[in-house]
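In what follows, a structure is listed as structure tokens, so that the remarks can point back to it.
Computed from the coordinates by the stated procedures, all read-outs in this text should not be read as laboratory data. What you are looking at is a predicted structure, and each value in this text was computed from that prediction instead of being measured. Note that we place each Cβ from the backbone using ideal geometry, even for glycine, and neighbour counts take in every protein chain shown.
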Amino acid sequence: MIYKNRRDELENQLNKGALWAVTYGDLMSYLMIFFLVLFSFSISKADKSKSRKYEESLVNIQKAFGGKADDKRVARAKAQEREEGVADKIKQSMAENRMSGLVQIDSNERRVKLVLTEAVLFDSGKADLKERAKEILKPIAEELKKIPNDVLVEGHTDNVPMHKGRYETNWELSMSRAYSVIKFMEETGMDPKKLAGIGYGENRSVAENTTPEGRAKNRRIEISLLKTE
């Protein structure tokens, strides 16, 4: 009986002495999570394309530790996920309609940008959409109107001066072309409140205007879905 009491007393003393290890283990776990969050944050700042994964990871960590997830953060993560899927859906739609080569799609941390050349949408020196242009723009508008993000339409031209026709300058032509695209998108059911347009004329070229190929690249319409910040 005396032996058993001494043994129990010894075990109690050992258990009490080991309690510091539990606290130490918890502290190390919290520190590891803290540094992982900092590391993820630094990556998301350096590479905006990874920001959605960072948002999702942070939300999951909050849930794992019994915390209440920030509603704004959750909504932002979901919005970013939808935005990243838009480019893929438009590519798929273009492929299904055999129009993949007519639209250049580029996605970065700020926007999903669609580039269409003048030849695809307009006749030379004009701002009226071709019938073929409407067929190309319709599936694009159908995807863009599914999410509430703002859409910016930008018109661009080459630097060849306007000598005749309805428009006196390339600036006027570029703005009229941007408006034609906006008007068509509104007709397809897009909310006009999220549509905006601007014309840059020849002032934001992407190629040299010294060759026909370069000028053709500069005569373009850019449609940008602005991403959630």
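A 22 angstrom limit on the alpha carbon distance is what I want to check against. Which of 194/227; 91/193; 126/227; 146/193; 145/227 exceed it?
91/193; 126/227
Rank the residues 35, 122, 184 as a footprinting-exposure proxy: fewest other Cβ atoms within 10 Å of their Cβ go first.
Fewest-to-most Cβ neighbours within 10 Å comes out as 35, 184, 122.
Suppose each label sits 7 Å from its Cα in the direction of the beta carbon; what would the residue 164-residue 110 distance come out to in nanometres?
4.0
Give me the distance in nm between label points sitting 7 Å out from Cα along the Cα-to-Cβ direction at residue 100 and residue 81, one decimal.
2.7
Rounded to whole Hz and in sequence order, give me ³J(HN,Hα) for segment 124-136 from the Karplus expression 6.51 cos²θ - 1.76 cosθ + 1.60, θ = phi - 60°, writing x for Gly and Pro.
Going residue by residue, I get 4, x, 10, 10, 8, 5, 5, 5, 5, 4, 5, 5, 6 Hz, with x marking Gly and Pro.
In nm, what is the difference between 0.36 nm times the number of residues separating residue 27 and residue 183 and their Cα-Cα distance? List each step's numbers first, then the result.
Details: separation 156, 0.36 × 156 = 56.16 nm, distance 5.98 nm.
Additional length available on full extension: 50.2 nm.
When the Karplus curve 6.51 cos²θ - 1.76 cosθ + 1.60 is applied with θ = phi - 60°, which whole-Hz ³J(HN,Hα) does each residue of segment 180-194 get, with x for Gly and Pro?
After applying 6.51 cos²θ - 1.76 cosθ + 1.60, I find 4, 5, 4, 4, 5, 4, 5, 5, 7, x, 6, 5, x, 5, 9 Hz.
Sort 150-159, 195-204, 110-119 by packing, meaning the average of other beta carbons within 10 Å per residue, with the highest value first.
Packing order, densest peptide first, comes out as 150-159, 110-119, 195-204.
Where in segment 186-229 does the label zone of residue 150 land, with the point 7 angstrom along Cα→C-beta and an amide N cut-off under 17 Å?
Correct set: 191-200, 222-229.
In Å, what Kirkwood hydrodynamic radius results for segment 86-229 from the alpha-carbon pair distances?
Hydrodynamic radius (Kirkwood, Cα only) of segment 86-229 equals 15.3 Å.
Amide H neighbours of residue 107 under 5 Å, counting only residues 5+ apart in sequence or on other chains, H built in-plane at 1.01 Å?
The answer is 113.
Fewest to most neighbouring Cβ within 10 Å: what's the order for 90, 33?
33, 90
Amide H to amide H, which residues 5 or more places from residue 197 or on other chains are under 5 Å from it, using H placed in the peptide plane?
Sorted by chain and number, the residues that satisfy this are 153.
Would you kindly state how much longer the chain becomes between residue 208 and residue 35 on full extension, computed as 0.36 nm times their sequence separation minus their alpha carbon distance, in nm to one decimal?
So the extension gain works out to 57.5 nm.
Under a 5 Å amide H to amide H cut-off, with H placed in plane at 1.01 Å, what residues pair with residue 160 once short-range neighbours are removed?
none
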